[in-house]
Amino acid sequence: MVVHGNRLDELRSLVVSWMRRYPLAPLENEIALVQSNGIAQWLKLALAEDPEDDDMGGCGIAAAIDVQLPGSFMWQLYRMVLGRDEIPPK
């Protein structure tokens, strides 16, 4: 799912409600792409907040969430598709 927007609180509420409604299997990781390391830290803290009845709370825990920058994610995809030998290391 791809979601973008300018209001972080609304995006956070959407992510929390999506993760509650459609949980992954026990050993699978959620992948979230963010624009900066600061937003990544904020998202992890927001997801770890105590759950509440409405969408303003978090999930209660922020485990198995792989938060990446778009560039790192794209290089990871290149290595998966083309093979590690074809793509130079970092």
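Tell me which residues, restricted to the range 31-69, are assigned to a loop (DSSP other than H, G, I, E, B), β-branched (Val, Ile, Thr) and modelled with pLDDT of 90 or more.
Val34, the sole residue that qualifies.
Out of the residues in the range 12-24 that are aliphatic (A, V, I, L, M) and under 21 Å from Phe73 (Cβ atoms), state the one that is nearest to the chain's Cα centre (by Cα). Spell out the reasoning first.
So in the range 12-24, the residues aliphatic (A, V, I, L, M) come out as 14-16, 19, 24.
Restricting the remaining residues to those that are under 21 Å from Phe73 (Cβ atoms) gives 14-15, 19, 24.
Values: Leu14: 12, Val15: 9, Met19: 10, Leu24: 13 Å.
Result: Val15.
Residues checked against (1) in contact with a strand residue (DSSP E or B) (Cβ under 6 Å, 6 or more places away or on another chain); (2) without any contact (Cβ under 8 Å) to a residue 40 or more places away in the chain; (3) on the phi > 0 side of the Ramachandran plot; (4) surrounded by 12 or more Cβ atoms within 10 Å (Cβ to Cβ):
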position: Ala32; (1), (2), (3), (4): yes, yes, no, yes
position: Ala62; (1), (2), (3), (4): no, yes, no, yes
position: Pro70; (1), (2), (3), (4): yes, yes, no, no
position: Val81; (1), (2), (3), (4): no, yes, no, no
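The values are calculated or read from the model by the stated rules, or taken from the named source; none is laboratory data. Just so it is clear, the model here is predicted, and its values are computed rather than measured. A quick note on method: Cβ atoms are made from the backbone with ideal geometry, for glycine too, and the neighbour counts reach across all protein chains shown.
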